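Beneath this line is the structure, given in structure tokens, with notes to follow.
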Amino acid sequence: MPANLITDVDGVRVGSADDARFATGVTVVLFDEPAVASIAVNGGAPALRDTALLEPEMTVERVDGFVLSGGSAFGLDAAGGAMAYLAGIGRGFAHRGALVPILPGASLFDLLNGGDKAWGLKAPYWELGLKAASTAAVPFALGTAGAGYGATTYDLKGGLGSASAVTSRGFRVGALAVVNSVGRATRGKSLHFWAGSYERDAEFGGLGFGPKDIDDALALRLKSDTPSSSDLAVVVADAALTTTQLKRIAIMAQDGFALALRPAHTPMDNDVVFAAATARASDAPDLRDLTEIGMLAAECVARAVARGVYEASPLPTPSAQPTWRQRQAISSTIS
């Protein structure tokens, strides 16, 4: 039975590791076989590792997985730990007898969330990357987990979310998102998510988009006047797609951030979408299929964003942001 996770796409596994003291973590998306992949970067201040190879003109077009982490640029070390795990089990790009795991990565800014970031000469991300990769599985936790552990939004705790869908011809699409937005995932102070119009089966509360007019919904609200935040996503389809086609899918999937967050793609964001294809579907996709996969990829990203906030639990730190569920409990008490 589908679990409404990115791992509903056959051949995909996800592992997470986090550290409560540092209030940060890592999430690794792994493929059972190397997958064709690409990327779209819409944020103005990306923190990336090994992503140039994902462009259509590059030689190595398949990846073993992706690494998402907290820690800003420090977090890019997580890919090293994940690579060590894959190399140890014989995975990687083969060249003249050598194996090099291909694991592009992106990091989000969670250095000011109240956790202890005085980690000295060595940040914890290499070890977290190793643990996340070595524990990758089909079921995985959402909310305050992995790369979403220390994630925040303007006024609510952020987190790790996921969603999946099936096209009219049966191609499966899944998304994983880490929500660390400078703005809001909800319409003003209400409980209604911007992504409410795309919700399926009450996956993030079942409240819908809400009334037409909500106070403060359209006002600019930023958790910092120097917006340094990031929303990271991975989208995967089971269709056989080329790097060029996946580039278009990644571009379309970026719209999911704009459907679920206000604002998106700001000057200091690291809004990144990785796109990959497992090619396990039996049918060959045509141009209409490609369009529908891209459309559903964007919707899955939007739904995953809302689920990441909906499923979050509060950080065990002083002055931690409230969660969506805490706000809901207060609203129920008042009403």
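The values are calculated or read from the model by the stated rules, or taken from the named source; none is laboratory data. Source: prediction; values computed, not measured. Cβ: placed from backbone, ideal geometry, glycine included. Neighbour counts: every protein chain shown. Note: accessible area is taken over every heavy atom of the protein model, side chains too, but ligands, DNA and RNA are not part of it. Shrake-Rupley method; radii C 1.70, N 1.55, O 1.52, S 1.80 Å.
Calculated accessible area for the chain comes out at 40 Å² per residue, all protein chains present (probe 1.4 Å; ligands, DNA, RNA ignored).
Residues whose amide H falls under 5 Å from that of Phe109, counting only those 5 or more places apart or on a different chain, are Ser72, Ser230, with hydrogens built in the peptide plane.
With a 1.4 Å probe rolled over the protein heavy atoms of all chains, the accessible area of Leu287, Leu207, Leu156 falls in the order Leu287, Leu207, Leu156, largest first. When Ile251, Ile334 are compared by accessible area at a 1.4 angstrom probe, the order from most to least is Ile334, Ile251.
Lysine pairs in the chain whose alpha-carbon atoms fall under 26 angstrom of each other, counting only those eight or more residues apart or on distinct chains, come to 11. Computed over the chain, the quotient of the alpha carbon radius of gyration and 2.2 N^0.38 Å is 0.92. Taking the accessible area of the chain, probe 1.4 Å, and keeping the other protein chains in place, the carbon and sulfur fraction comes to 55%.
For the stretch 1-150, the relative contact order comes to 37 percent (Cα pairs under 8 Å, sequence separation of at least 6). With the largest listed first and rounded to whole Å, the semi-axes of the equivalent ellipsoid of the stretch 230-318 from the Cα gyration tensor are 28, 14, 11. Determine the relative contact order of the chain: mean sequence separation of Cα pairs under 8 Å and six or more apart, normalised by residue count, in whole percent. Averaging sequence separation for qualifying contacts and normalising by length gives 24 percent for the chain.
DSSP loop trypsin sites (Lys or Arg not before Pro) in the stretch 145-176 with at most 14 other Cβ atoms within 10 Å of their Cβ, which ones? Counting only loop positions with at most 14 other Cβ atoms within 10 Å, the trypsin sites (Lys or Arg not before Pro) in the stretch 145-176 are Arg169. Dividing the convex hull volume of the alpha carbon atoms of the stretch 12-137 by its residue count gives 111 Å³ per residue.
With no solvent and one equal point scatterer per Cα, compute the Debye intensity ratio I(q)/I(0) for the stretch 127-278 at 0.11, 0.13, 0.16 Å⁻¹ and report its log10, rounded to two decimals. Result of the Debye calculation: -0.47, -0.65, -0.98.
If you model the stretch 267-331 as an ellipsoid using its alpha carbon gyration tensor, with each semi-axis the square root of five times an eigenvalue, the axes come out at 36, 14, 11 Å, biggest first. The mean sequence separation of alpha-carbon pairs under 8 Å and at least six residues apart, normalised by the residue count of the stretch 236-282, gives a relative contact order of 66 percent.
So what's the gap between the Cα centers of the stretch 182-246 and the stretch 111-152, to the nearest angstrom? Comparing the Cα centres of the stretch 182-246 and the stretch 111-152, I get a distance of 22 Å. What shape does the stretch 186-253 take by its C-alpha gyration tensor, where a ≥ b ≥ c are the square roots of the eigenvalues and a/c under 1.5 counts as rounded, a/b above b/c as prolate, and the rest as oblate? It is oblate, given that a/c is not under 1.5 and a/b is not larger than b/c. Rolled with a 1.4 Å probe across the full set of protein chains, the surface gives Asp50 an accessible area near 80 Å².
Shape summary of the stretch 77-204, radius of gyration then Dmax from alpha carbon positions: 18.1, 58 Å. Springs join every pair of Cα atoms under 10 Å in this Gaussian network model of the chain, and among Ala73, Ala312, Ala35 the largest mean-square fluctuation is at Ala73.
Of all the options Gly120, Gly129, Gly65, the one that moves most in a Gaussian network model of the chain with Cα springs shorter than 10 angstrom is Gly120. When all protein chains stay in place and ligands, DNA and RNA are ignored, the 1.4 Å accessible-area order of His265, His192, largest first, is His265, His192.
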